[in-house]
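The values are calculated or read from the model by the stated rules, or taken from the named source; none is laboratory data. If you're wondering where the values come from, they're calculated on a predicted model, not measured in any experiment. Neighbour counts run over all protein chains shown; Cβ positions are idealised from the backbone, glycine included. The area values use the complete protein model at the heavy-atom level, side chains included, leaving out ligands, DNA and RNA. Shrake-Rupley method; radii C 1.70, N 1.55, O 1.52, S 1.80 Å.
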Amino acid sequence: MAQKPSIPKGTRDFNPEQVAKRNYIFNSIRGAFETFGFQPIETPSFENSDTLMGKYGEEGDRLIFKILNSGDYLNKANGQAYAEKDSTKLTSSISEKALRYDLTVPFARYVVQHQNEIEFPFKRYQIQPVWRADRPQKGRFREFFQCDADVVGSKSLWQEVEFIQLYDTVFSALKLEGVTIKINNRKILSGIAEVIGASDKLIDFTVALDKLDKIGEEKVKEEMRSKGISEEGITKLQPLFTLSGDFESQIESLKSILNTSEEGKKGIEELAFINEAISELGLKTATLQLDVTLARGLNYYTGAIFEVAAPKTVSMGSIGGGGRYDDLTGIFGMKDVSGVGISFGLDRIYLVLEELGLFPETVSKNIEVLFINFGDKEALFSLKAIKTLRAEGVNAELYPDAAKMKKQMNHANKRAIPFVVLVGDEEMESNTYTLKNMVSGEQDKVTLETLISKIK
């Protein structure tokens, strides 16, 4: 017996209902992107390895799916690395391409490559799949879609303000109320590292701090010690672990912690500006919250850092995130181009909407009427009506085979099709149609005009 086929862990098949629900989210996000003035682009599924590697930190690099070179890839393998089983050196000699890890780095590559065709500031959105060699678990997949919006060519903090409004607009449109938009600033993290004497360990410090809500205060301190951060420095961090209150009160606390750091003070000024603007403009359903432990251990953020948390009633990781990356295009040779962007985690948003029952009943727009097939003459007569119905925006279908009536009716029931039309000799002679409501069981002989109005 042939082995039953399967798919790789961390990937999924989607049935028609799931695709319809995903498209509902896509369309809500895409509509908001375009309302805010973003333009669509697409980039390849895979990039040259040197485009991606070294851009996400050590942890990120490990999660990049590498693609083996075509042909006899071992022929050009690093013999010494192969003999020593040094996977890092070996990989670079047998793999020159990799699946994209996110959409931000490919976007930076796109901007540099097409800089002479782009009008700056450039606002782009991109909705495509990405791949990560992560351990699959609830809400975490190896293949998933990201929905990104970025602006490059402007250092204005009004962009950050607009992104907060954009998050609020999308989640309000999806009726997902109670979302928390967390914000921090990399300059504040740099300032804290400076104050505790760990500027040279900024990445180690931020990666550890970012895990506070996952592993707790003591484990974070242990990780910091293992990375060489002094006990005195960790003691100075104590106020961070107990920081609480509203946005303004946290800002005041940070001012006292960072009073000796110019970089930290700049971060405080930027956060205060954004908060004051949002307080004045207001949000529909989301809440803006300062979270100084928010680090998102990526190497490229330089200013604001965003992370979106689902409503507290749902146990789920972040459903969005992003930030300011003033020097991202610099890694591809294009200096002094500031950028800021956010991403929506489609798959997690889907799970949250599903858990809270927030998908509209009409989201899976099904076939609205099925024409029963009694033979070729009747089928041709039916298809003329179906052509008219489709032109009127009605989803209509002819059962393809002249099968038994019971089988065709069962087909309509299983697909939850609300109306069935029967056409026989009598209907063709009188140019009418017998319309059956599959929910109520009512049956009427009607004209095509009446048929259209009843279904619509």
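Residues that are open to solvent by 10 Å² or more (accessible area, probe 1.4 Å) and β-branched (Val, Ile, Thr) within the range 145-190 comprise Thr169, Thr180, listed in sequence order.
Just give me the residues in the range 191-206 being over 30 Å from Ser315 (Cβ atoms), open to solvent by 30 Å² or more (accessible area, probe 1.4 Å) and touching a residue at least 60 places away in the same chain (Cβ under 8 Å), in sequence order. Write out each step before concluding.
In the first step, residues of the range 191-206 are kept if they are over 30 Å from Ser315 (Cβ atoms); the result is 191, 193-202.
Checking the rest, the ones that are also open to solvent by 30 Å² or more (accessible area, probe 1.4 Å) come to 194-195, 197, 199-202.
Passing the criteria: Glu194, Val195.
Being open to solvent by less than 20 Å² (accessible area, probe 1.4 Å) and in contact with a Phe, Trp or Tyr (Cβ under 7 Å, 6 or more places away or on another chain) is the filter; apply it to the range 347-361 and report the residue that is nearest to Val151 (Cα to Cα).
My answer is Asp347.
Being basic (Lys, Arg) and part of a loop (DSSP other than H, G, I, E, B) holds for only one residue in Lys284, Lys265, and it is Lys284. Is it true that Asp291 is touching a strand residue (DSSP E or B) at 6+ places or on another chain (Cβ under 8 Å), of a type in the set (D, E, K, R) and within 18 Å of Asp210 (Cα to Cα)? The answer is yes for Asp291. For the range 207-248, the set of residues classified as assigned to a helix (DSSP H, G or I), open to solvent by 50 Å² or more (accessible area, probe 1.4 Å) and of a type in the set (Asp, Glu) consists of Asp213, Glu217, Glu218, Glu222, Glu231, Glu232, Glu248, listed by residue number. Selection of the range 325-346 for residues being open to solvent by less than 10 Å² (accessible area, probe 1.4 Å) and closer than 19 Å to Ala32 by Cα yields Val340, Gly341, Ile342, Phe344, Leu346. Of all residues in the range 383-403, those that are in a loop (DSSP other than H, G, I, E, B) and of a type in the set (Asp, Glu) total 2.
Would you mind stating whether Phe371 is within 23 Å of Pro16 (Cβ to Cβ), open to solvent by less than 50 Å² (accessible area, probe 1.4 Å) and either in contact with a Gly (Cβ under 9 Å, 6 or more places away or on another chain) or modelled with pLDDT of 95 or more (or both)? Yes; evaluated as a whole, the condition is true for this residue. Applying the condition of being touching a residue at least 24 places away in the same chain (Cβ under 8 Å) and in a helix (DSSP H, G or I) to the range 249-261 and asking which residue is most open to solvent (accessible area, probe 1.4 Å) yields Ile257. Counting just the residues of the range 434-456 that are open to solvent by less than 70 Å² (accessible area, probe 1.4 Å) and among the aliphatic types (A, V, I, L, M), which one comes out farthest from Leu389 (Cα to Cα)? Checking each candidate, the answer is Met438.
Taking the range 178-206 as the range and being basic (Lys, Arg) and assigned to a helix (DSSP H, G or I) as the test, the residues that pass are Arg186, Lys187, Lys201.
For the range 80-97, enumerate the residues that are open to solvent by 100 Å² or more (accessible area, probe 1.4 Å) and either at pLDDT 70 or above or among the hydrophobic types (A, V, I, L, M, F, W, C) (or both).
Initially, the range 80-97 is screened for residues open to solvent by 100 Å² or more (accessible area, probe 1.4 Å), giving 80, 82, 84-85, 88-89, 96.
Gln80, Lys85, Thr88, Lys89, Glu96 - these are the residues of the range 80-97 that are open to solvent by 100 Å² or more (accessible area, probe 1.4 Å) and either at pLDDT 70 or above or among the hydrophobic types (A, V, I, L, M, F, W, C) (or both).
Here is a list of conditions, (1) out of contact with any strand residue (DSSP E or B) (no Cβ under 6 Å at 6 or more places or on another chain); (2) part of a loop (DSSP other than H, G, I, E, B), and Val105 meets all of them except one; can you say which number that is? Result: Val105 fails condition (2) only. Checking the range 314-324 against the condition returns a match, with at least one residue being modelled with pLDDT of 90 or more, buried (at least 20 other Cβ atoms within 10 Å of the Cβ) and over 24 Å from Gln137 (Cβ atoms).
Report yes if some residue within the range 388-401 is within 22 Å of Phe26 (Cα to Cα) and among the basic types (Lys, Arg); otherwise report no. Before the answer, list the steps.
Of the residues in the range 388-401, the ones within 22 Å of Phe26 (Cα to Cα) are 393, 395.
Still in the running and among the basic types (Lys, Arg): none.
Scanning the range 388-401, I find no residue that is within 22 Å of Phe26 (Cα to Cα) and among the basic types (Lys, Arg), so the answer is no.
Restrict the check to the range 108-122 and report whether at least one residue is closer than 20 Å to Phe344 by Cα, open to solvent by 20 Å² or more (accessible area, probe 1.4 Å) and among the β-branched types (Val, Ile, Thr). For the range 108-122, residues closer than 20 Å to Phe344 by Cα, open to solvent by 20 Å² or more (accessible area, probe 1.4 Å) and among the β-branched types (Val, Ile, Thr): absent. Against the definition (more than 25 Å from Phe141 (Cβ to Cβ), without any contact (Cβ under 8 Å) to a residue 60 or more places away in the chain and open to solvent by 30 Å² or more (accessible area, probe 1.4 Å)), how does Gly282 come out, yes or no? In short, yes.
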